[in-house]
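Chemist: Just dropping this structure here.
The values are calculated or read from the model by the stated rules, or taken from the named source; none is laboratory data. Keep in mind it's a predicted model, so treat the numbers as computed, not measured. Neighbour counts are summed over all protein chains in view; Cβ atoms, including those assigned to glycine, are modelled from backbone coordinates with ideal geometry. All accessible areas refer to the heavy atoms of the entire protein, side chains included, with ligands and DNA or RNA removed. Shrake-Rupley method; radii C 1.70, N 1.55, O 1.52, S 1.80 Å.
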Amino acid sequence: EHVLLEGVVPFPEHLAQLYREKGYWRGETIADMLFNSVERYFDRIAVIDGAESVTYAQLGQRVLSLSRGFQELGIGRFDRVVVQLPNVAAYFEVVFALFELGAVPVFALAAHRKAEIEYFCSFSEAKAYITVDKYGGFDYEALSVEIKAEVPTIENVIIVDVSNGLSRFSQLYQEPRCHELYCSPADVAFLQLSGGTTGKPKLIPRTHDDYLYTVRESARICGLSSGSVHLTSLPIAHNYTMSSPGILGCLFAGATTVLAHDGNPEIAFPLIEKHRITSASLVPPVALLWLNSPLVGEFDLSSLAVLQVGGAKLSEEAARRIKPVLGCRLQQVFGMAEGLVNYTRLDDEDEVVVTKQGLRISPDDEILVVDDDGVPVRNGQAGNLLVRGPYTIRGYYKAPDQNKKDFNPEGFYRTGDVVIQDDHGYLTVVGRKKDQINRGGEKVAPEEVENLLLSHAYVHDASVVGIPNDLLGEKVKAFVILKADADASEVTPFKLKKFLRTKGIAEFKVPDEFEIVEKFPETFVGKVSKKAQRNA
Ligand code: J2J
């Protein structure tokens with residue numbers, strides 16, 4: 001009998017068996033996948049980060065030597081470790097060293113701050129927290145001291161020295177052993193973050209078996225081979241960056257990942273020219289920056305064959321400009337960390353590629369498009385998207401009450417997205433029912449920001465919504481009702497932003513706009529009408 005991490009909802013046994021029989025789940029761990037590639041693509045470059053290039057062989061050695069270091073710190077199977085790293089080569093070593101041991105990384109974003117990191121560490125009862133010294137003007141080492149002091153389960157804080165060059169784990173690297181099996185392919189490999197609709201982000205448990213299925217298929221669907229060079233500029237630990245086709249897809253295919261700290265044309269275009277980059281993954285606002293950049297024409301972008309765009313809806317108008325302006329194919333990606341990922345295919349007709357967000361990865365992804373009563377709608381009609389399948393979770397980590405809401409009794413995940421399915425199974429995203437803001441691909445849970453605003457001494461009530469924005473799709477706006485005794489000079493937008501930053505949340509969640517109001521518009525049942533606020 002397979003032992004699961006406590007708090008994880010397993011796939012039903014008969015389906016697990018089916019997914020194995022069909023060859024979706026192959027009984028391989030993510031570390032096995034890496035070491036297969038190390039053997040096959042030995043001398044090829046796995047990752048390029050600035051002036052540093054790491055071959056598959058070097059990566060394999062470093063992972064094995066670092067995993068011994070981690071092991072000596074007492075990190076092993078099932079142990080949660082919060083990893084918060086920016087786009088640096090060391091990320092590969094850290095994450096694979098944890099995978100090798102069967103430890104469970106919890107993937108924080110570099111943008112997260114104290115409130116979020118403290119929550120991830122305490123909720124997951126993490127044994128260690130791994131971050132950098134300083135990066136992008138923020139002192140992560142100082143944060144780690146606070147975290148260590150406040151979260152009793154944290155035994156070790158590991159700081160990756162990125163400011164001072166390459167000497168990153170001098171004390172931790174040990175004489176490498178061989179790759180071994182410390183865990184089961186049916187184990188949870190990591191905890192990914194949900195975009196969130198609730199006061200606290202939910203954690204998503206993905207197994208080695210289910211994740212590797214999406215990795216192999218994504219690499220194939222995205223056309224990766226050992227000759228591919230892929231640009232990674234989105235936050236490194238995001239599900240899109242990890243696996244659609246992402247870092248893992250590249251490693252599986254023997255391709256090279258080029259890391260960029262940011263996707264702006266000034267950074268990305270020179271890298272494309274220099275490394276002859278063949279594909280890149282972007283969110284819509286960055287794709288718009290590329291399309292409108294005066295630097296197009298200044299750099300040789302001719303190696304770029306495929307541009308993936310996803311994470312938020314790409315407008316059809318922008319989609320149509322990709323090929324003529326950038327000279328490459330567009331591939332739309334509509335995915336979610338909970339599982340389901342859709343891609344347009346590389347051999348689809350242009351008209352499909354610019355108007356649809358894609359087709360599911362697996363023939364065994366069961367897609368339901370239903371009305372508000374749960375009754376399936378016909379193809380061509382908009383409805384709520386529900387999904388179940390070989391790589392979609394059956395529940396969030398340690399969240400039985402939330403799971404009753406977010407999964408139906410048959411185990412389908414309610415995505416909260418409103419889509420239209422065509423007769424070929426392709427989906428077009430036309431809206432959203434969940435209370436979430438998609439700020440250019442970065443997800444904000446209004447309730448999380450509202451709760452923080454409510455902790456302000458002068459705030460009586462707060463309602464946070466997404467308002468339309470040309471570049472980002474949506475921006476974050478907070479409507480605030482003040483207490484009677486509020487001092488107006490203390491609740492200016494500037495002061496409220498400062499207050500939220502002191503609370504320690506990621507900058508992308510801090511509202512772009514504030515409006516002080518007397519009362520909120522109400523729906524006919526007396527709830528706050530966010531719809532009216534969005535359209536105000
Ligand atoms: C409209 N909405 C989209 C798209 C995601 C690949 C790509 C993206 C994610 C991701 C991912 C969209 N058009 N093309 O994990 O592996 C919105 C939907 C969805 C939510 C999921 C991947 N692509 N979305 O964005 O977990 O609302 O994953 O439910 O961050 O983003 O967000 P997230």
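Chemist: Answer yes or no as to whether residue 100 is over 19 Å from residue 229 (Cα atoms), acidic (Asp, Glu) and open to solvent by 20 Å² or more (accessible area, probe 1.4 Å).
Modeler: Numbers: over 19 Å from residue 229 (Cα atoms): yes; acidic (Asp, Glu): yes; open to solvent by 20 Å² or more (accessible area, probe 1.4 Å): no.
Here the answer is no, as residue 100 does not meet what is asked.
Chemist: All but one of (1) farther than 23 Å from residue 111 by Cα; (2) in a helix (DSSP H, G or I); (3) modelled with pLDDT of 95 or more hold for residue 499; which doesn't?
Modeler: If we test residue 499 against (1) farther than 23 Å from residue 111 by Cα; (2) in a helix (DSSP H, G or I); (3) modelled with pLDDT of 95 or more, just (1) comes out false.
Chemist: Quick one: is residue 329 closer than 30 Å to residue 185 by Cα, charged (D, E, K, R) and at pLDDT 95 or above?
Modeler: Working: closer than 30 Å to residue 185 by Cα: no; charged (D, E, K, R): yes; at pLDDT 95 or above: yes.
For residue 329, the condition - closer than 30 Å to residue 185 by Cα, charged (D, E, K, R) and at pLDDT 95 or above - is not met.
Chemist: Moving to a separate point now. Within segment 263-278, how many residues are without any contact (Cβ under 8 Å) to a residue 40 or more places away in the chain and farther than 30 Å from residue 31 by Cβ?
Modeler: 9
Chemist: All but one of (1) away from the ligand (no atom under 14 Å from the Cβ); (2) open to solvent by 10 Å² or more (accessible area, probe 1.4 Å); (3) charged (D, E, K, R) hold for residue 209; which doesn't?
Modeler: Looking at each condition in turn, residue 209 falls short on (2).
Chemist: Just one of (1) farther than 24 Å from residue 240 by Cα; (2) open to solvent by less than 20 Å² (accessible area, probe 1.4 Å) trips up residue 427, so point out which.
Modeler: (1)
Chemist: List the strands (runs of 3 or more DSSP E) that sit entirely inside segment 410-474 and contain at least 3 residues that are over 18 Å from the mean Cα position of the chain (by Cα).
Modeler: Passing ranges, in order: 413-421, 427-432, 459-469.
Chemist: I'd like to know if segment 380-387 contains one or more residues that are among the β-branched types (Val, Ile, Thr), away from the ligand (no atom under 15 Å from the Cβ) and open to solvent by less than 30 Å² (accessible area, probe 1.4 Å).
Modeler: No; the residues of segment 380-387 include none that is among the β-branched types (Val, Ile, Thr), away from the ligand (no atom under 15 Å from the Cβ) and open to solvent by less than 30 Å² (accessible area, probe 1.4 Å).
Chemist: When segment 103-120 is examined, which residues are found to be crowded, with 22+ Cβ neighbours inside 10 Å and more than 18 Å from the chain's Cα centre (by Cα)?
Modeler: 103
Chemist: Report yes if residue 69 is more than 25 Å from residue 232 (Cα to Cα), open to solvent by 10 Å² or more (accessible area, probe 1.4 Å) and either touching a Pro at 6+ places or on another chain (Cβ under 8 Å) or not hydroxyl-bearing (Ser, Thr, Tyr) (or both), otherwise no.
Modeler: No, not satisfied.
Chemist: Let me ask something additional. Check off (1) in contact (Cβ under 8 Å) with a residue 24 or more places away in the chain; (2) in a helix (DSSP H, G or I); (3) among the hydroxyl-bearing types (Ser, Thr, Tyr) for residue 144 and give me the number that stays unchecked.
Modeler: (1)
Chemist: Can you find, within segment 121-140, the residue that is nearest to residue 88 (Cα to Cα) among those that are of a type in the set (S, T, N, Q) and within 20 Å of the chain's Cα centre (by Cα)? Walk me through how you get there before you give the answer.
Modeler: Initially, segment 121-140 is screened for residues of a type in the set (S, T, N, Q), giving 122, 124, 131.
Applying the additional criterion that residues be within 20 Å of the chain's Cα centre (by Cα) yields 124, 131.
Working: 124: 24, 131: 11 Å.
Restricting to residues being of a type in the set (S, T, N, Q) and within 20 Å of the chain's Cα centre (by Cα), the top hit is 131.
Chemist: Same structure, new question: Assess whether residue 432 counts as being without any contact (Cβ under 8 Å) to a residue 60 or more places away in the chain and near the ligand (Cβ under 9 Å from one of its atoms).
Modeler: Considered against the rule, which asks whether it is without any contact (Cβ under 8 Å) to a residue 60 or more places away in the chain and near the ligand (Cβ under 9 Å from one of its atoms), residue 432 comes out as yes.
Chemist: May I ask you to list pairs of residues, at least six apart or on different chains, whose Cβ atoms are under 7 Å apart, with the first in segment 408-427 being under 14 Å from residue 378 (Cβ atoms) and the second being assigned to a loop (DSSP other than H, G, I, E, B) and at pLDDT 95 or above?
Modeler: 420/380; 420/381; 421/379; 422/379; 422/380; 423/379
Chemist: For segment 361-374, state whether one or more residues are over 13 Å from residue 415 (Cα atoms) and buried (at least 21 other Cβ atoms within 10 Å of the Cβ).
Modeler: Yes, some residue in segment 361-374 is over 13 Å from residue 415 (Cα atoms) and buried (at least 21 other Cβ atoms within 10 Å of the Cβ).
Chemist: Give just the number: which of (1) within 25 Å of residue 215 (Cβ to Cβ); (2) within 16 Å of the ligand (Cβ to nearest atom); (3) not aliphatic (A, V, I, L, M) does residue 394 not satisfy?
Modeler: Only one criterion is unmet by residue 394, namely (2).
Chemist: Please list, ordered by first then second residue, the pairs with beta carbon atoms under 9 Å, 6 or more apart or interchain, first in segment 152-166 and among the charged types (D, E, K, R), second outside any strand (DSSP E or B) and at pLDDT below 90.
Modeler: 161/167; 161/168; 161/169; 161/170
Residue-by-condition table, conditions (1) under 24 Å from residue 188 (Cα atoms); (2) open to solvent by less than 10 Å² (accessible area, probe 1.4 Å); (3) modelled with pLDDT of 95 or more:
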position: 45; (1), (2), (3): no, no, yes
position: 55; (1), (2), (3): no, no, yes
position: 80; (1), (2), (3): yes, no, yes
position: 94; (1), (2), (3): yes, yes, yes
position: 144; (1), (2), (3): no, yes, yes
position: 155; (1), (2), (3): yes, no, yes
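Matching residues to (1) within 16 Å of the ligand (Cβ to nearest atom); (2) open to solvent by 50 Å² or more (accessible area, probe 1.4 Å):
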| position | (1), (2) |
| --- | --- |
| 187 | no, no |
| 192 | yes, no |
| 196 | yes, no |
| 199 | no, no |
| 217 | yes, no |
| 225 | no, yes |
| 231 | yes, no |
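Chemist: Quick test of your reading of the structure: residue 459 fulfils all but one of (1) more than 12 Å from the ligand (Cβ to nearest atom); (2) without any contact (Cβ under 8 Å) to a residue 40 or more places away in the chain; (3) open to solvent by 30 Å² or more (accessible area, probe 1.4 Å). Name the failing condition by number.
Modeler: Looking at each condition in turn, residue 459 falls short on (3).
Chemist: Tally the residues that are near the ligand (Cβ under 10 Å from one of its atoms) and of a type in the set (A, V, I, L, M, F, W, C), restricting the search to segment 397-429.
Modeler: 4
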